[in-house]
Each structure stands twice: as structure tokens, then as C-alpha cells.
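These notes are about the structure you will find just below.
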Amino acid sequence: RSTATLIEKESGTVTFADVAGLDEAKVEVLEIVDFLKKPDSFTKLGAKIPKGVILVGPPGTGKTLLAKAVAGEAQVPFFSISGAAFVEMFVGVGASRVRDLFQQAKEKAPCIIFIDEIDAIGQSRGRGAFSGGANDERESTLNQLLTEMDGFGTNTGVIVLAATNRADMLDPALVRPGRFDRHIYLELPNMNERAAIFKVHVQGLIMAEGIDLRALAGQTPGFSGADIANICNEAALIAARRKAAKIEKEDFMDAIDRIVAGLEKKSKIISPEE
Ligand code: ATP
């Protein structure tokens, strides 16, 4: 793997308008936007700007989206890296990639570093998920991450956002003060939030009159934002396949059925006994 494929840099085009629901999480990340935009107003009072924030929530709830929106709103670069990618790396590579990432970020500060699936590297030690070499590699990557977090000053303008589904699995060393000491929780959307997510994702779709987004929200309890984004695209594909001029309510219903079937299949694979 080259550095380029592992460390992705994007210029921020996502904004809070793309993120539906998640009102509490948005209020909390708004503070980070302010830190990035107006660091002086905090530092002149002697405040230390947090370095690391963990976004915690089930898959597809918008953790990556929200992190990108922070960068977009603050108009700063967004460097992203996936924790899972480190685990596959050759010995010694993980740690040097972490070093590269922080080096690049410091040069481009103010900016956001986003570490997706941080549990893949930051899982509490001795959990035995990996054995031998892979585990050593993970530990040296984790240690490098801790070193970097401690090494850069509080007011460098680099804020590290990380995402996980399971905050309780993280190594206590990661969540110590001065590292990832803030947690922001994202929940699965409720009825109103699902309607709002539908609204975001039907933008740009050619729909028949009178499609009730609240009714669609009522039919999708337990669905994540990612599932809803999927439904909207699937409905458009279904309508296109039958050469329709507009997407009808039935296309959405078919799409929901399809996503439900997909989710059921996935959960069967995860728990075959059930
Ligand atoms: P994972 O834990 O699986 O990495 P995640 O929490 O990072 O998931 P995202 O990758 O941010 O989830 O979400 C995937 C896609 O789902 C987003 O790009 C977006 O299209 C849609 N989505 C998720 N949540 C929302 C939301 N609150 N509002 C609008 N769209 C959403």
C-alpha cells in the first residue's frame, strides 16, 4: 500500500446541512468548529483546546459524515485513515504511517485527522483478538499514536476525531486526559430524524407527487442513516430499471423490502445459530 491510499486527504465539501438529525452531537462538534476557526479566542484565556474526540455510535449513524462536516464547516483539510487498514500492514509500517500522518497534518494545520474504526488499533490490550505478529504490530501502531497525541501541543490546530462502535473496548491509555478525552454519542435516528434523513437523500431524485417521507420514516424503525441513503438510491435504481419517468412510492417500498432482506441476511451470517 502506498501512503496515498492509506492517508486520504479531502477538501471539505460536506456541511452540517448534509447531516440530518444528530442535534446534540452537532452542538458538541460545533465547539470543535469554533476551536479550528477561532483558536485565539480560547487560547488567550489560557484554555487548552482538546486534541482528541471520539465519536461513538452504531454502524451507519453518520460518524464519518459528521467528522467531514466539521472539516467542511471550519473550511480546513480532512485527513482520514482507517484503523482496520493498519492491522493488515507489514511489521513496522503502521507506526511509520502514523508518524507520516501527523507530520502531514501539522504542516497543514489547522486541520482534522479522522481515524475510522479506531478500535482496530486501540482495542484494550490483552484482548487476544490477534495473536503473535499482528498483535505486536497493532501495539506498536497504538504506541506510536499515543506518542503523537502526547507530542503535539494542545494548540497546534490539529484535532483528531476518531470513530468506534464500541467505546468500552478501547484501551484505557487512549482515553486518558490529553488524548481522546471527549466522547460524543450518536444514536440510531428516531422517527422524525429518519424523515429528515430521507429529506436529505431524496434531494436530486425525480419523484412522483405526494410521496410522504414521514410514512417512509414510519416504515423503517431501527434503520440507520446509511440504510436510508441506500433505500433512496435503491428506489431510484428500481424505477430506472422499469424505465419509469418518476420514482413512485412502490419503488421505495420495494427498496425497503430489499434492504430489510439484505440486513436479515447479514445478521444470519454474523449469528448463524439464530
Ligand atoms: P460506520 O460505523 O459503518 O463507519 P458511520 O457512522 O461512519 O458508519 P457514515 O459513513 O457517516 O456512517 O454514513 C454512511 C452514509 O449514510 C453517509 O455518507 C450518508 O450518506 C448516510 N448518513 C448516515 N447518517 C446520516 C445522517 N444523520 N444524515 C444524513 N445522511 C446520513
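The values are calculated or read from the model by the stated rules, or taken from the named source; none is laboratory data. From a predicted model like this one, the values you see are computed outputs, not experimental measurements. In this analysis, Cβ positions are derived from the backbone assuming ideal geometry, glycine residues included, and neighbour counts consider all displayed protein chains. The accessibility values were calculated without ligands, DNA or RNA, using every heavy atom of the protein model including side chains. Shrake-Rupley method; radii C 1.70, N 1.55, O 1.52, S 1.80 Å.
Rounded to the nearest whole Å², what accessible area per residue is found for the chain with the 1.4 Å probe?
50
Counting Lys and Arg as +1 and Asp and Glu as -1, what is the net charge of the other residues whose Cβ lies under 12 Å from the Cβ of residue 208?
Surrounding charge for residue 208 is -3.
Evaluate the Kirkwood expression for the hydrodynamic radius of the chain, namely the inverse of the mean inverse distance over all pairs of different C-alpha atoms, and round to one decimal in Å.
Evaluated on the chain, it is 20.3 Å.
With labels modelled as points extended 7 Å from the Cα through the Cβ direction, what inter-label distance (nm, one decimal) is found for residue 206 paired with residue 173?
5.8
Carbon-plus-sulfur fraction of the accessible area of the stretch 143-187, 1.4 Å probe, in percent?
With neighbouring chains kept in place, the figure for the stretch 143-187 is 48 percent.
Once phi is turned into θ = phi - 60°, what whole-Hz ³J(HN,Hα) does the Karplus curve with 6.51, -1.76 and 1.60 give for every residue of the stretch 27-36, x standing for Gly and Pro?
Rounded to whole hertz, the list is 4, 5, 6, 4, 4, 5, 4, 5, 4, 6.
Using only the Cα atoms of the stretch 92-202, construct the convex hull and provide its projected area averaged over every direction, in square nanometres to one decimal.
The number I arrive at for the stretch 92-202 is 9.1 nm².
Suppose R0 equals 25 Å. What FRET efficiency, 1/(1 + (r/R0)^6) with r the Cβ-Cβ distance, do residue 27 and residue 100 give to the nearest 0.05?
After rounding, the FRET efficiency stands at 0.15.
How big is the stretch 198-274 by the Kirkwood estimate over distinct Cα pairs, in Å?
13.0
Placing unit charges on C-beta atoms (Lys and Arg positive, Asp and Glu negative, everything else neutral), compute the dipole magnitude of the chain about its Cα centre in debye, rounded to 20.
Dipole size: approximately 500 debye.
Counting Lys +1, Arg +1, Asp -1, Glu -1, what net charge surrounds residue 56 among other residues with beta carbon under 11 Å of its beta carbon?
Local net charge: 0.
Could you tell me the relative contact order of the chain? Use alpha-carbon pairs under 8 Å, at least six residues apart, and round to a whole percent.
Value for the chain: 23 percent.
Among the listed pairs 68/246; 243/265; 37/68; 68/266; 37/106, which are separated by more than 21 Å between their Cα atoms?
From the list (68/246; 243/265; 37/68; 68/266; 37/106), the Cα-Cα distance tops 21 Å for 68/246; 243/265; 68/266.
How big is the Rg/Rh ratio for the stretch 37-122, C-alpha atoms only, Rh by Kirkwood, two decimals?
1.00
Over the C-alpha atoms of the stretch 153-248, what are the Rg and the largest Cα-to-Cα span, Dmax, in Å?
Using the Cα atoms of the stretch 153-248, the pair Rg, Dmax is 19.5, 58 Å.
Just to be sure I understand the model, the point goes 7 Å from the Cα along the line to the Cβ. What's the resulting residue 155 to residue 187 distance in nm?
The answer from the label model is 3.8 nm.
Pull up the cross-link candidates among the lysines for residue 199, meaning alpha carbon to alpha carbon under 16 Å and not fewer than 8 places away within one chain.
Cross-link targets: 249.
How far apart, in nm, are the 7 Å Cα→Cβ label points at residue 214 and residue 267?
If labels sit at residue 214 and residue 267, their model points lie 2.8 nm apart.
As I understand it, the dipole of the stretch 205-272 uses +1 on the Cβ of Lys and Arg and -1 on the Cβ of Asp and Glu, about the Cα centre. Which of 216, 230, 267 lies farthest toward its positive end?
Ranked along the dipole, the leading option is 267.
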